[in-house]
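A quick write-up on the structure given underneath.
The values are calculated or read from the model by the stated rules, or taken from the named source; none is laboratory data. Keep in mind the model is a prediction, meaning the values are calculated, not measured. Positions of Cβ are generated from backbone atoms using ideal geometry, with glycine treated the same way; all protein chains shown enter the neighbour counts. The protein model used for the area step is the full one, side chains on, heavy atoms only, and it has no ligands, DNA or RNA in it. Shrake-Rupley method; radii C 1.70, N 1.55, O 1.52, S 1.80 Å.
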Amino acid sequence: MRLTQAQREQFDRDGYLFFPGLFTPAEARTLVAAVPALYARREAFNVREKDSDTVRTNFAAHLYSAPFARLARHPRMVQPVTELLDEEVYMHQFKINGKMAFEGDVWQWHQDYGTWLNDDLMPTERAMNVAVFLDDVNEYNGPLMFIPGSHRKGVVEARHDLTTTSYPLWTIDDGVIAKLVERAGGKEGGIVSPKGPAGSMIVFHSCLVHASSSNLSPWNRVSVYLSLCAVSNHIRRCKRPEYIAHRDFTPIACLPDDCLTKDYPVDLPWRDGMPASALATSSDPLAQIRMAA
Ligand code: SIN
Ligand code: MN
């Protein structure tokens, strides 16, 4: 999938690109079908919501689930990022966010690069997210919200929020958000939320400010996020466990475009469980706890 010049300009201006219905319903179904078994596992890689047993985020499924291992190598997800960064990419983070019906909690306003810089010592913002919807996303089930153009501010001041939700995040104060929204057009386009059918995809800049509210609707909003980082920009610290911030900087080799509907063989290194080394962490920037073989 080659991006057009107009798409590149749109990305530079707004900080994201939206591709409604990029994956077919049949492709989305192969992924949705695999989610309940992953969420049922009692493992550290399933982070549950603060006040319930519902899974908020499942991490690193591409290392132990064949459908998600194929998605992690899908050219429709990986190639636009390789093109925009003009470099090969590796998987920095892989997550399946539940935002389940009635239970899915908020994601506070943040930039992903804020966390990747502060926690993982990722040198620059040359990384980005690609999200694919596994359920239809509408205005009621907690769609992602973006402040268009906010990526051009670079890294904005953030605070480490350890209490609002079950997942620690570097979040941005309300006053800063109000100014960014005003600058982006206030009530006329200062916040946007791409909505569409299951299979829709969003590519967004690592400095784009985003959030989502809770899901009070009866509809799940499961989405998968690939955080892809330019290989030369790999993280320099392993302060977070490996299932959250990966330590294997090998460039992703894509599979053919039909890889969600054909059983191409994929390596599943954590098929029989997560290695103990994946839980080891260090605050020392120089420590290389485990570079994957
Ligand atoms: C994220 O910002 O990483 C997730 C937001 C969401 O799933 O709504
Ligand atoms: Mn985020």
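Here is a check on your reading of the model: is residue 68 within 16 Å of ligand 2 (Cβ to nearest atom), under 15 Å from the mean Cα position of the chain (by Cα) and hydrophobic (A, V, I, L, M, F, W, C)?
When the stated conditions are applied, residue 68 does not pass them.
Within the stretch 96-126, track down each residue that is in contact with a helix residue (DSSP H, G or I) (Cβ under 6 Å, 6 or more places away or on another chain), within 16 Å of ligand 2 (Cβ to nearest atom) and in a loop (DSSP other than H, G, I, E, B).
Correct list: 122, 125.
Residue 58 - would you say it is of a type in the set (S, T, N, Q), without any contact (Cβ under 8 Å) to a residue 40 or more places away in the chain and closer than 28 Å to residue 215 by Cα?
For residue 58, the condition - of a type in the set (S, T, N, Q), without any contact (Cβ under 8 Å) to a residue 40 or more places away in the chain and closer than 28 Å to residue 215 by Cα - is not met.
Search the stretch 24-36 for residues that are touching a residue at least 60 places away in the same chain (Cβ under 8 Å) and pair each with any residue that is surrounded by 15 or more Cβ atoms within 10 Å (Cβ to Cβ) and of a type in the set (Asp, Glu) when their beta-carbon atoms are under 8 Å apart and the residues are at least 6 apart or on different chains.
From residues that are touching a residue at least 60 places away in the same chain (Cβ under 8 Å), the pairs are 32/135.
Identify the single condition in (1) open to solvent by 30 Å² or more (accessible area, probe 1.4 Å); (2) touching a residue at least 40 places away in the same chain (Cβ under 8 Å) that residue 276 does not satisfy, given that it satisfies every other one.
Among (1) open to solvent by 30 Å² or more (accessible area, probe 1.4 Å); (2) touching a residue at least 40 places away in the same chain (Cβ under 8 Å), the lone unmet condition for residue 276 is (2).
Tally time: how many residues in the stretch 209-265 are within 16 Å of ligand 2 (Cβ to nearest atom) and open to solvent by 50 Å² or more (accessible area, probe 1.4 Å)?
1
Would you mind telling me which numbered condition in (1) assigned to a strand (DSSP E or B); (2) over 15 Å from residue 204 (Cβ atoms); (3) among the polar types (S, T, N, Q) residue 93 fails?
(2)
Check whether at least one residue in the stretch 170-182 is within 11 Å of ligand 2 (Cβ to nearest atom) and either free of Cβ contacts under 8 Å to residues at least 60 places away in the same chain or touching a Phe, Trp or Tyr at 6+ places or on another chain (Cβ under 7 Å) (or both), and report yes or no.
Yes, that holds for at least one residue.
When you go through 128, 91, 77 one by one, which is the residue that is among the hydrophobic types (A, V, I, L, M, F, W, C), closer than 28 Å to residue 24 by Cβ, within 16 Å of ligand 1 (Cβ to nearest atom) and surrounded by fewer than 23 Cβ atoms within 10 Å (Cβ to Cβ)?
91
Spot the failing condition for residue 208; the list is (1) closer than 20 Å to residue 99 by Cβ; (2) out of contact with any helix residue (DSSP H, G or I) (no Cβ under 6 Å at 6 or more places or on another chain); (3) of a type outside the set (S, T, N, Q), and only one is missed.
(2)
Note down all Cβ pairs under 8 Å where the first residue falls in the stretch 135-161 and is open to solvent by 80 Å² or more (accessible area, probe 1.4 Å), the second is part of a loop (DSSP other than H, G, I, E, B) and among the acidic types (Asp, Glu), and they're at least six residues apart or on different chains.
157/173; 159/173
With respect to residue 83, determine if the residue is open to solvent by less than 60 Å² (accessible area, probe 1.4 Å), acidic (Asp, Glu) and farther than 29 Å from residue 166 by Cα.
Yes; evaluated as a whole, the condition is true for this residue.
Would you mind finding the one in 170, 116 that is open to solvent by 10 Å² or more (accessible area, probe 1.4 Å), aromatic (Phe, Trp, Tyr) and under 17 Å from the mean Cα position of the chain (by Cα)?
170
Collect the residues in the stretch 207-229 that are within 13 Å of the chain's Cα centre (by Cα), more than 9 Å from ligand 1 (Cβ to nearest atom) and either among the aromatic types (Phe, Trp, Tyr) or more than 20 Å from residue 15 (Cα to Cα) (or both), keeping them in residue-number order.
Across the stretch 207-229, the qualifying residue is only 222.
For residues that are farther than 16 Å from residue 205 by Cα and open to solvent by 20 Å² or more (accessible area, probe 1.4 Å), scanning just the stretch 102-112, find the one that is nearest to ligand 1 (Cβ to nearest atom).
107
Against the conditions (1) in contact with a strand residue (DSSP E or B) (Cβ under 7 Å, 6 or more places away or on another chain); (2) more than 15 Å from ligand 1 (Cβ to nearest atom); (3) not β-branched (Val, Ile, Thr), where does residue 157 fall short? Just the number, please.
In the conditions (1) in contact with a strand residue (DSSP E or B) (Cβ under 7 Å, 6 or more places away or on another chain); (2) more than 15 Å from ligand 1 (Cβ to nearest atom); (3) not β-branched (Val, Ile, Thr), residue 157 misses (1) alone.
So, in the stretch 45-56, exactly how many residues are more than 13 Å from residue 106 (Cα to Cα) and exposed (fewer than 13 other Cβ atoms within 10 Å of the Cβ)?
Counting residues in the stretch 45-56 that are more than 13 Å from residue 106 (Cα to Cα) and exposed (fewer than 13 other Cβ atoms within 10 Å of the Cβ) gives 1.
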